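**Student:** Here it is, the structure in full.
What follows draws every value from the coordinates through simple rules; no lab data is involved. These numbers were taken from a predicted model, which means no experiment stands behind them. Note that each Cβ is placed from the backbone with ideal geometry, even for glycine, and that neighbours are counted across all protein chains shown.
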Amino acid sequence: MKTSLTLLKFLALCPVLCALSSLEAQVPQGFNYQAITRDGATGNPITNATLKVKLSVLSDTTGFYGGTGGVYIWEEEHVNVKTNSFGMFTVVLGSPTATKIQGSADSFSAIDWSPANLFVGTKIAQSPSYVYKVMGSAKLWSVPYALKAKDTEQWLTSGSNIYRASGNVGIGTSSPSGRLVVQPTISWDDNIPLFEVKNKIGVPVLAVYNNGVRVLVEDTDGKGVKGGFAIGGFDPTKAGGETNNFMMISADSIRFYVDKKQTKGVKGGFAIGGFDGSKAGKSTFFDVSPYSGDIISAENRILWYPIKNSFLTGRIVIQSPDSVGENSFSSGYESKAIGNWSQALGYKTASRGNYSTSIGRSSVAKGDNSFAFGNQAYAKGEDSYAFGSGAYALGNASFALGSSKVDSTGNTVHTVASADGAFALGFGSVASALGAFSMGVLDTASGLGSLSMGYYNKSLGWFSTTFGAGNTVEPFGFNALATGVWTRAAQWAAAAFGDQTYASGHTSFATGYKTEASGQLSATFGQETVASSYGSIAIGRYNTYSGTPGQWYSWEPLLMAGNGSSPSNRSNALTLYKNGNMDLAGLINLNTSVPNGIAMRVNNSEALWYNGTYFSWGYGGTYNYFARKVTIGYGAEPSYMLYVQGSAYSTGGWSGSDERWKKNLEPFGNVLPGVLSLNCYRYDWKTDEYPEMHFDKEKQVGLIAQDVEKVFPDLVRTDNRGYKAISYEKLSVILAEAIKEQQEQINNYRNENLQLRTELQLLRERMERMEASIAVMK
């Protein structure tokens, strides 16, 4: 069945009707589309059918009819579309129930209807196969412009008023960044205002130009105080001419001008004043009498104090002329600049010293040239500086920077620099000695010239130093150092590093974990080691220790290498005593840095050699090798790895014979005749002729090497002196093979004998039968 489409009409919304009916009317997002479907063969309507319809908005229909082209702005699909009894169906192009298929617009409402040529394309698919067919396209005329009229929704009316409830308005720009933006063209005349406001007689009082803004205030002859803030004046006549410049701003200055005409009333220009019921106003709002010092109790004022040449502003308190410093300045709530040439700013601050400054809340700068800044900061000393909450700089030339902190006991600790030249920085840090420096949290530097930095450190000794957390240099720790975590240094020039170490000896050194150097000039390293002897060193962990801290004794330990497992199970791998003796609880490697040559001497004689791979023992030029070759009872280079001149005793032995070590395996053959040719002897060694051989004097049993060499040369070896030796170990293999051959011969003989016995038995049986036959015949 072929399907055709008859386009009936578009039910459009006319933009003119939309505009005339009401600006508040909502323009629909879409428009109706109706069509009649007919059978392409008969022309009859396709009635009561279910269709799928694709509607599209195109800017170019080239290739659309072929199903492969067209420039799609929007395409949407409608499913379950029903035709009526006349074959007619109705859908809404832009309906929210439709599904977007393709197109450059993100949504139907985002379609730009301004182009002149837009087209609507139609595709239809009929059940049950739902194969789409292109039915055609039509140019849009008035329908999109009803949608374009939606822009009028943003302007609303209320009676005779017109307004916008949202969005921005641009004049001269299509993308205003503010609610109302006016932007001129490049060629705009700078003398023509972009925006202006005129008064009732048509004179501009506010004008905005391309290069500035102009504000004019009427300068009338009316009585009473003008007050307020006025810039410039103009003639009240209709001409509107400008009469005076009261304020001018240039690149280098801001200038104010006051009208000095001999007329009544307060002059115009820049004025700070107040209003009351009288015509004259209050003339002393900005000043006090130049002939006497006023007493002011908590008044809100901006005040010039002539008798002290001082300036005060805010809520002012002047208890007497002496409570205001010469050439001073105060601003804020009841702040007081009492010292000459001082400044006080903030809430109840006080600058009592000459040249002092206090800023913040209840801060006090008491010393000359002092500076207090923060909440209750206190700069007491001359040339002192206090910054922060509860910071106290009490000494001359002291410096406190930080805030108070509550310690572990619940007490509030201030940041305090209480001595001359002291420096305290952080939370609750204290520097209480001359030239002391404390920086961090709850640090204390109370020793002369001491330094403490970190958390909860204490430098109590003169010129002592602490870094880290919880470290302490005790009062007698002059020039001592403690750094790390909870370390302590207790004596002159002692130094403690690491975690919970303790350097309690004079000029001692402790580092590691819980080590203790209690001996004078002692040092500890590692874990819980102790050096208690004078000048001793402990390394490793859990060493055994003993000794006198302040005296040198030769029998006491000098070096202890601990290898214990706990504080209750201490031991040493090595102990070196001050007299040179040494205890060693293990093995030792000597002179490992020697690439080759002498590795060790004993009494200045060579005792151990090293060739880069093996060690060798010897004395006086005679070598006893045990690495490559070993000789016993013989001093020359042997031909064997082990050479013993004399008898040797062994309770057992093994010879390597793993198959993985062997190659070129060849079986033995016909060794029995060779074995049978060998003669065994009982003999004695020639001990007198060869004493250097250390022969055994007992009776010997064996073979002659020369005899064996003739039949089995592999079993005989000749050394570098021409003496021959038999490998009885290898001979056992030959003998095993000979036994096998002999056994084979025995087996052959046994089989042959068995065969002969069988044949003999058969002959016997034959003869018996023959004899029986002869007997019958007789």
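**Student:** Set the Förster radius R0 to 60 Å, insert the Cβ-Cβ distance between SER655 and LEU760 as r into 1/(1 + (r/R0)^6), and round the FRET efficiency to 0.05.
**Tutor:** Working from the Cβ atoms, E equals 0.75.
**Student:** Here's another thing I want to ask about it. Can you work out the PRE-style zone for ALA736? Point 7 Å along Cα to Cβ, and I want the residues of the stretch 667-707 with backbone N under 13 Å.
**Tutor:** 668
**Student:** Stretched out fully, how many nm does the piece from ASP583 to ILE302 gain, at 0.36 nm a residue minus the Cα gap?
**Tutor:** Full-extension gain reported as 92.2 nm.
**Student:** May I ask you to derive the FRET efficiency for SER187 and ASP112 from their Cβ-Cβ distance with R0 = 35 Å, giving the value to the nearest 0.05?
**Tutor:** That pair, SER187 with ASP112, gives E of 0.75.
**Student:** Using a/c under 1.5 as the rounded threshold, could you call the stretch 379-507 rounded, prolate or oblate? The axes a ≥ b ≥ c are square roots of the C-alpha gyration tensor eigenvalues, and prolate needs a/b larger than b/c, oblate otherwise.
**Tutor:** oblate
**Student:** Return P(r) of the stretch 457-588 (all Cα-Cα pairs; 10 Å bins starting at 0; whole %; ordered from short to long distances).
**Tutor:** Percent of pairs per bin, in order: 17, 42, 29, 11, 1.
**Student:** Fewest first, what order do TRP341, TRP113, TRP654 take by the number of other Cβ atoms within 10 Å? Write down the numbers at each step before the final one.
**Tutor:** Values: TRP341 19, TRP113 16, TRP654 5.
So the ranking, lowest neighbour count to highest, is TRP654, TRP113, TRP341.
**Student:** Given ASN748, TRP685, VAL711, which one lies farthest toward the positive end of the charge dipole of the stretch 670-778, if we put +1 on the Cβ of every Lys and Arg and -1 on the Cβ of every Asp and Glu?
**Tutor:** ASN748
**Student:** Determine, from the Cβ-Cβ distance of SER104 and TYR347 and an R0 of 56 Å, the FRET efficiency 1/(1 + (r/R0)^6), rounded to the nearest 0.05.
**Tutor:** In this case the efficiency is close to 0.30.
**Student:** Right, here's the next one. Any idea what diffusion coefficient the stretch 722-766 gets from Stokes-Einstein, in µm²/s, Kirkwood Rh on alpha carbon pairs, 20 °C, 1.002 mPa s?
**Tutor:** 158
**Student:** Label ALA41 and SER677 with points 7 Å out from Cα along Cα→Cβ: what is the distance between them in nm?
**Tutor:** It is 11.7 nm.
**Student:** Ok, one more. So how long is each side of the stretch 307-410 along the principal axes, counting just the alpha-carbon atoms, biggest first, in Å?
**Tutor:** Its Cα atoms span 52, 27, 16 Å along the three principal axes.
**Student:** Another question, if that's okay. Using unit Cβ charges (K, R positive; D, E negative) and no other charged atoms, how large, in debye to the nearest 20, is the dipole of the stretch 670-778 about its Cα centre? Mind dumping the intermediate values first?
**Tutor:** Values: 16 positive and 19 negative charges, 107 e Å.
It comes to approximately 520 debye.
**Student:** Quick check on packing: order 46-54, 731-739 by the mean number of other C-beta atoms within 10 Å, highest mean leading.
**Tutor:** The packing order, highest mean first, is 46-54, 731-739.
**Student:** Classify the stretch 61-103: rounded, prolate or oblate, from the alpha-carbon gyration tensor (a ≥ b ≥ c, eigenvalue square roots; a/c under 1.5 rounded; otherwise prolate if a/b is larger than b/c)?
**Tutor:** Numbers: a/c = 3.06, a/b = 1.55, b/c = 1.97.
Judged from the Cα gyration tensor, the stretch 61-103 comes out oblate (a/c at least 1.5, b/c at or above a/b).
**Student:** Extension gain GLN34-LEU156, at 0.36 nm per residue separation less the Cα-Cα distance, in nm?
**Tutor:** The span from GLN34 to LEU156 would gain 40.6 nm if fully extended.
**Student:** May I ask you to compute the full-extension gain from GLU709 to GLU196, defined as 0.36 nm times their residue separation minus their alpha-carbon distance, rounded to one decimal in nm?
**Tutor:** Roughly 171.2 nm would be gained on extension.
**Student:** I need the shape label for the stretch 683-778. Rule: rounded when a/c is under 1.5, else prolate if a/b > b/c, else oblate, with a, b, c from the alpha carbon gyration tensor.
**Tutor:** prolate
**Student:** Another question about this same structure. Take TRP661, TRP462 and order them by how many other Cβ atoms sit within 10 Å, fewest up front.
**Tutor:** The fewest-first ordering by Cβ neighbours comes to TRP661, TRP462.
**Student:** Only counting other Cβ atoms within 10 Å, I'd like SER95, SER571, SER533 sorted with the fewest neighbours first.
**Tutor:** SER571, SER95, SER533
**Student:** Sorted by mean Cβ packing within 10 Å, highest first, what order do the peptides 103-110, 448-455 take? Kindly include the intermediate steps, with their values, before the conclusion.
**Tutor:** Values: 103-110: 13.8, 448-455: 22.1.
Those peptides, ordered most packed to least, come out 448-455, 103-110.
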